[in-house]
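**Student:** Before I ask anything, here is the structure I am working with.
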Amino acid sequence: MFKFSRLGARAAFKGLLSKAPPTIRSNKSYYTIFQNDCVKPSSCKLFSTTATEISLGENEETKKISVTFFNADGEQEIKVPVGMSMLEAAHENDIELEGACEGSLACSTCHVIVMDVEQYNKLEDPTDEENDMLDLAFGLTETSRLGCQVIAKPELDGLRLALPAATRNFAVDGYKPKPH
Amino acid sequence: MLKAHEGAEVDIIDRLPTPFGLVRSGVAPDHPETKIVINQFSRVAHNERCSFFGNVSLGSSISLSELRQFYHVVVLAYGAESDRALGIPGEDLNGVHSAREFVWWYNGHPDFSNLAPDLKSTDTAIVLGQGNVALDVARILLKPPTELAITDIASHALAALKESSIRKVYLVGRRGPVQAACTAKELREILAIKDLYVNIKETDLLKTSADEEEMKTNRIRRRVFELLSKASSSSASRPSPGQRELHFTFFQKPEKFLESNDQSGHIGGVNFEKTILKGSASSGNQIAAGTGEYEDLECGLVLKSIGYKSVPVDGLPFDHSKGVVPNIRGRVLSSSRFAQPEGGLYVCGWLKRGPTGIIGTNLYDAEETVASISDDIEKRERISTSTKQGREGLLQLLESRKIQVITFSDWEKIDSEEKRRGSLIRKPREKLTTWKDLLEVATR
């Protein structure tokens, strides 16, 4: 698999898996509907447009949290709207986080390591299904999660996530991931 | 590769007219989420510097040395299209199939649409092996066909499964539950089949200290063992009449296949030798050793799921004992005594590592091989710098040999047609399963 053509990846992603109303980008719009996803038809209106982003639906929750991704090349801080998954946020900001199954809990390619234990503990426990996929993740640690299952909420402001490739090269802030 | 090198042109050659390999032909029909990765693959194929050429077979359409003349870099990524053999008597009896063939049959692979496994003359199937492929075939045999009818399962397989008389499946492993090769998701799934009687002997679940050692650092093994224990303790003492049955049988090694008394030349059962584990976790894996106690298990169908094996190709160094192409980080090593890396020749995936791991494992594998290629390009080592004909040379040669090359847009015609046919019968797609149909639609 190749880590490029993010454009397509974002378009295909389409905010289906976040709980916030989708933000439609102007280009390709495959709207693939997967069986159990959370966007209710009534709250999701599709527009095709050649203009820039449009936020759909009214919501008072445009509150955003700060999330910093650490990868082999360094770090990148982004703003993530509450309700969006880390995977989608990464894609929207050109951060190289794979999402082969596009958030359907059928792979482990969006594996991220939560760098602070207190932040890890604020997350809801992983379901059996997520744990089944984490079993297979490369470089699994005690604070590993799947990026598609970590949803932004106000308590996570300042979240720091390491991509597994990063931890192959250096220990961030003295943090050494232990093999599980 | 495309990402690492702005000027690189990459051509993908496949023996089949359809791309995606095992994602199309190996992933089970009731696992559509696992196939979503096809979207990412398609985006790669649509890149203007990338081309897909299907119906081109390495060895018969074109030789490896010819490819190496046309391209600066050749990466062999053709996986493992054959099986490990047990090498025991009776292996060629009718009704004994490799799981790989069975999977290709229900997934509509054009080489196996005529497999015609006999599912009507018996109520019992034995699956040898307890990995995810073994679980897949067991699940397909035990799942109510109505549930399969809305998947992309090949129609000839659905028809056969609707008439199948198989009600009992044994998943047999040489070692114990701690060593079972399946993973939690697949195990959870098969245990959740509605109205299925699951049998796991409690005595098989007794752990030795070596077992505890093995599980201590292995999260997958721990969770699988927990699932097996729970299933064992929560199941009824016997099946109710008419109930489908799944038996996990441990510590049994197949000794020979037994011919049926009713159907000459057909499988009637398997003779097993009971095993005991030897060795400790620290010295490597515990292995199964025979005890001299034998028992027979009757059946009318055997599916061997003991591992895939790669096939060697002319001009490509091959390690027959390991079943892989000898390599260092993806650089193919020559067969000479001094094993030098060959120029411009690389390997990736199962052909490089052996046939284990999931789709995602190949991601890291590919990164490693591409890093080796990039390194060699940068250092001007092992890769020719002269101009090569590439795509143009390839296509000219294939045309002169009258090979019908199938492009990615040709595949998309197959794709649309399959989806169209599927939409008429509530399936995500109705696969074209013969070479004739595939090529006819692709070349419309």
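The values are calculated or read from the model by the stated rules, or taken from the named source; none is laboratory data. As the structure is a prediction and not an experimental result, all values here were calculated from the model. Here the Cβ positions follow ideal geometry from the backbone for every residue, glycine too, while neighbour counts run over all protein chains shown. Remember, those area values only see protein heavy atoms, side chains included, never the ligands or the DNA or RNA. Shrake-Rupley method; radii C 1.70, N 1.55, O 1.52, S 1.80 Å.
**Student:** Length gain on complete extension for the stretch residue B:114 to residue B:101, per 0.36 nm per residue less the alpha carbon to alpha carbon distance?
**Tutor:** Working: separation 13, 0.36 × 13 = 4.68 nm, distance 1.05 nm.
Extra length available between residue B:114 and residue B:101 comes to 3.6 nm.
**Student:** In whole Å, what is the distance between the alpha-carbon centres of segment B:51-107 and segment B:151-190?
**Tutor:** Here the two parts' Cα centres lie 24 Å apart.
**Student:** Further, regarding this structure: Can you tell me the relative contact order of segment B:1-153? Whole percent, Cα pairs under 8 Å, sequence separation 6 or more. Mind showing how you got there, number by number?
**Tutor:** Working: 111 pairs, mean separation 40.1, N = 153.
Taking the mean separation of contacting Cα pairs over the length of segment B:1-153, I get 26 percent.
**Student:** Just from the alpha-carbon atoms, what are the Rg and Dmax of chain B in angstroms?
**Tutor:** In order Rg, Dmax, the Cα atoms of chain B give 23.6, 73 Å.
**Student:** Percent of Cα-Cα pairs per 10 Å bin, from 0 to the last occupied bin, for segment B:97-179, please list those.
**Tutor:** With 10 Å bins starting at 0, P(r) equals 17, 53, 25, 5.
**Student:** In nm, to one decimal, how far is the residue A:165 label point from the residue B:356 one, both placed 7 Å along Cα→Cβ?
**Tutor:** 2.6 nm
**Student:** In nm, what is the difference between 0.36 nm times the number of residues separating residue B:217 and residue B:322 and their Cα-Cα distance? Spell out each step's value before the answer.
**Tutor:** Working: separation 105, 0.36 × 105 = 37.80 nm, distance 2.63 nm.
Contour length minus the Cα-Cα distance gives 35.2 nm.
**Student:** Let me ask another. Compute the orientation-averaged projected area for segment B:234-339 from the convex hull of its Cα atoms and round it to one decimal in nm².
**Tutor:** On the way: hull surface 53.8 nm².
Directional mean of the projected Cα hull area for segment B:234-339 stands at 13.4 nm².
**Student:** So if I place +1 on the C-beta of Lys and Arg and -1 on the C-beta of Asp and Glu, and nothing else carries charge, what would the dipole magnitude of the protein assembly as shown be about its Cα centre? I want it in debye, nearest 20.
**Tutor:** On the way: 78 positive and 86 negative charges, 81 e Å.
Magnitude of the dipole: close to 380 debye.
**Student:** Which residue, B:135, A:107, B:45, has the largest displacement toward the positive end of the dipole of the protein assembly as shown when charges sit on each Cβ (Lys, Arg +1; Asp, Glu -1)?
**Tutor:** Of the candidates, B:45 comes out farthest on the positive side.
**Student:** Once the whole set of protein chains is in place, how much accessible area is left on residue B:38, using a 1.4 Å probe, in Å² to the nearest 10?
**Tutor:** Number for this one is 40 Å².
**Student:** Okay, next question. Please work out the FRET efficiency for the pair residue B:92 and residue B:243, using the Cβ-Cβ distance as r and a Förster radius of 51 Å; give the result to the nearest 0.05. If you can, show how the numbers build up before the last one.
**Tutor:** Numbers: r = 34 Å, r/R0 = 0.66.
The value I calculate is 0.90.
**Student:** Given points 7 Å out from each Cα along the Cα-Cβ axis, report the residue B:388 to residue B:3 separation in nanometres with one decimal.
**Tutor:** 2.3 nm
**Student:** Next up: Please sort by residue number the GluC sites (Glu not before Pro) in segment A:97-159 whose DSSP state is loop and whose Cβ has at most 12 other Cβ atoms within 10 Å.
**Tutor:** Answer in residue order: A:124, A:142.
**Student:** Given points 7 Å out from each Cα along the Cα-Cβ axis, report the residue B:401 to residue B:420 separation in nanometres with one decimal.
**Tutor:** 3.2 nm
**Student:** State, as an integer percentage, the relative contact order of chain B based on alpha-carbon contacts under 8 Å between residues 6 or more apart.
**Tutor:** For chain B, the relative contact order is 22 percent.
**Student:** Something else now. Among A:138, B:52, what's the order by accessible area (1.4 angstrom probe), most exposed first?
**Tutor:** Greatest to least solvent exposure: A:138, B:52.
**Student:** Would any residue of segment B:398-432 have its amide N under 19 Å from a label point 7 Å out along Cα→Cβ of residue B:63? List them or say none.
**Tutor:** Within reach of a label on residue B:63: B:398-403.
**Student:** May I pose another question? Helix B:37-46 sits at what angle to the longest principal axis of chain B, using alpha carbons and giving 0 to 90 degrees rounded to 10?
**Tutor:** Helix B:37-46 sits roughly 10 degrees off the main axis of chain B.
**Student:** While we're on this one: Stokes-Einstein at 37 °C, 0.692 mPa s, Kirkwood radius from Cα pairs: D for the protein assembly as shown in µm² s⁻¹? Write out the running numbers ahead of the final one.
**Tutor:** On the way: Rh = 26.6 Å.
After rounding, the answer is 123 µm²/s.
**Student:** How much mean residue ellipticity at 222 nm does the protein assembly as shown get from its helices, if each DSSP H run of length 4 or more adds -39500 (n - 2.57) and you divide by all residues, to the nearest 500 deg cm²/dmol? Could the numbers behind the result be given before it?
**Tutor:** Values: 20 runs with 175 residues, N = 624.
Helix contribution divided over all residues of the protein assembly as shown: -8000 deg cm²/dmol.
**Student:** Provide the FRET efficiency to the nearest 0.05 for the residue B:204-residue A:76 pair, computing r from the beta carbons and using R0 = 51 Å.
**Tutor:** Working: r = 51 Å, r/R0 = 0.99.
Here the calculated transfer efficiency is 0.50.
**Student:** So what are the ³J(HN,Hα) numbers for segment B:333-340, from phi and the Karplus equation (6.51, -1.76, 1.60; θ = phi - 60°), rounded to whole Hz, Gly and Pro as x?
**Tutor:** These are the phi-based 3J(HN,Hα) values: 9, 5, 7, 5, 4, 9, 6, 7 Hz.
**Student:** For segment B:274-387, what is the convex hull volume of the alpha-carbon atoms per residue, in Å³? All intermediate terms of the calculation are to be shown ahead of the outcome.
**Tutor:** Details: hull volume 23.7 nm³, N = 114.
Each residue corresponds to 208 Å³ of Cα convex hull volume.
**Student:** So, one more: What range in chain B is the longest one free of GluC sites (Glu not before Pro) that are in a loop by DSSP and have at most 11 other Cβ atoms within 10 angstrom?
**Tutor:** Numbers: sites that count: B:6, B:48, B:163, B:381.
Between exposed loop sites, the widest span is B:164-380.
**Student:** Right, another one. For a quick check of your reading of the filter: which trypsin sites (Lys or Arg not before Pro) in segment B:130-220 sit in a DSSP loop and have no more than 10 other Cβ atoms within 10 Å? Display every interim value, and only then the final one.
**Tutor:** On the way: sites: B:139, B:162, B:167, B:168, B:174, B:175, B:185, B:188, B:194, B:201, B:207, B:216, B:219; in loops: B:167, B:174, B:175, B:194, B:201, B:207.
Qualifying residues, ordered by number: B:194.
**Student:** Rounded to the nearest 10 degrees, what's the angle between the helix B:408-423 long axis and the longest principal axis of chain B, both from Cα atoms, 0 to 90?
**Tutor:** For helix B:408-423, the angle is close to 30 degrees.
**Student:** By how many degrees, 0 to 90 and rounded to 10, does the Cα axis of helix B:219-234 deviate from the longest principal axis of chain B?
**Tutor:** 30 degrees
**Student:** What figure in square angstrom, to the nearest 10, would you give for the accessible area of residue B:75 with a 1.4 Å probe?
**Tutor:** Counting only protein heavy atoms, the figure is 60 Å².
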